[in-house]
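As structure tokens, the structure follows; a few thoughts come after it.
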Amino acid sequence: MPRLSEVIAALENLWPAERAESWDAVGTVVGDPEQQVTRVLFAVDPVQAIVDEAVELGADLLVTHHPLWLRGTTTVAASTFKGRVVHTLIKNDIALHVAHTNADTADPGVSDALAGALDLRVVRPLVPDPTDPGGRRGLGRVCELDHPLPLREFAARAAERLPATAQGIRVSGDPDAVVRTVAVSGGSGDSLFEQVRAAGVDAFLTADLRHHPASEAVHHSPLALLDAAHWATEWPWCELAAAQLDEISDRAGWDLRVHVSATVTDPWTAHAASSPTASPMGAPN
Ligand SMILES: [Zn+2]
């Protein structure tokens, strides 16, 4: 049975902390290096529902993609949202480890998992990491479809393959336009339009696209956009990461029990479709 420090060393080897963005807060947030680990839970968000799930499961280690804190804090009082998370973890001897932007750019990383979920063939990173001589690490991925699909069918595939959320997939573009190449980026992707345009792809699948960058992007090119829930675009990484740790555990003879949370922590819980008869003028015509 490994100690936490041994498991963390293996995770650090997959996603070295020094490869995280300078503004990020990755690594071990809670945990005693000497504690033993038998059960690990992977999830996107370190929120109370996930921590409660870790307690229920009897996990000793929770690994999340999103950090608990990005900025300094002066309290872990249980009366605060994040303080309650810390209290629950410590009272139940559960460690918390975060792999965020260091997992985004890893090989394989968050966008490889997203591409895999959509059955896309990864060609190269969208924004290559200049420190990687192999040219495989970096943000986002440029991908190809084995068989080109009309946008409407590719969107249907994304809706079917990504975990279900209230939002589903928002689409911009001609539904009959043929999609051969796709840029994907797990999480918020609207800072990447310049690189997406330069890649010359038919479509861009990401999350959190805002009005102005999206509007500008589609008015300057025939680029199709697919906007999924942020959580849904990053969740496939949990399965990939769990499989990676499982393999390490097998090799090391650790016999870890590795789980992936299926709890939907997307903050949006419902979607009301507009009435087809509603018009900006008020009364339907
Ligand atoms: Zn994210």
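Filter segment 219-228 down to residues that are more than 17 Å from Gly116 (Cβ to Cβ) and away from the ligand (no atom under 16 Å from the Cβ) and give me whichever is surrounded by the fewest Cβ atoms within 10 Å (Cβ to Cβ).
His219
If a residue counts only when it is more than 16 Å from the chain's Cα centre (by Cα), more than 16 Å from Asp112 (Cα to Cα) and modelled with pLDDT under 95, which strands (runs of 3 or more DSSP E) contained entirely in segment 133-218 have at least 3 such residues?
none
Whether any residue in segment 76-95 is within 30 Å of Val127 (Cβ to Cβ), among the basic types (Lys, Arg) and surrounded by 15 or more Cβ atoms within 10 Å (Cβ to Cβ) is what I want to check.
Within segment 76-95, none of the residues are within 30 Å of Val127 (Cβ to Cβ), among the basic types (Lys, Arg) and surrounded by 15 or more Cβ atoms within 10 Å (Cβ to Cβ).
Based on what the data block shows, is Pro46 within 16 Å of Trp235 (Cβ to Cβ), within 16 Å of the ligand (Cβ to nearest atom) and not hydrophobic (A, V, I, L, M, F, W, C)?
yes
State whether one or more residues within segment 277-284 are surrounded by fewer than 16 Cβ atoms within 10 Å (Cβ to Cβ), polar (S, T, N, Q) and not assigned by TED's automatic domain parsing to the domain that holds Ala156.
Among the residues of segment 277-284, at least one is surrounded by fewer than 16 Cβ atoms within 10 Å (Cβ to Cβ), polar (S, T, N, Q) and not assigned by TED's automatic domain parsing to the domain that holds Ala156, which makes the answer yes.
Considering only residues that are more than 20 Å from Arg257 (Cβ to Cβ), without any contact (Cβ under 8 Å) to a residue 60 or more places away in the chain and surrounded by fewer than 16 Cβ atoms within 10 Å (Cβ to Cβ), which ones fall in segment 1-17?
Asn13
For segment 123-132, which residues satisfy the criterion of being within 20 Å of Asp190 (Cα to Cα) and part of a strand (DSSP E or B)?
Residues satisfying the conditions are Arg124, Pro125, Leu126, Val127, Pro128.
Identify the residue in segment 229-247 that is acidic (Asp, Glu) and within 16 Å of the ligand (Cβ to nearest atom) and, among all such residues, is farthest from Ala207 (Cα to Cα).
Glu239
Go over the candidates Gly189, Gly83 one by one and state the one that is free of Cβ contacts under 8 Å to residues at least 12 places away in the same chain and within 30 Å of Gly72 (Cβ to Cβ).
It is Gly83.
Considering each residue of segment 61-85, count those that are in a loop (DSSP other than H, G, I, E, B) and under 25 Å from Thr38 (Cα atoms), and give that number.
Residues meeting the conditions: 4.
Among (1) under 22 Å from Val44 (Cα atoms); (2) surrounded by fewer than 20 Cβ atoms within 10 Å (Cβ to Cβ), there is one condition Arg141 misses while meeting the rest; what is its number?
Result: Arg141 fails condition (2) only.
The values are calculated or read from the model by the stated rules, or taken from the named source; none is laboratory data. Note that the structure is predicted; figures quoted are calculated from it, not measured. Positions of Cβ are backbone-derived with ideal geometry, glycine not excepted, and every protein chain shown enters the neighbour counts.
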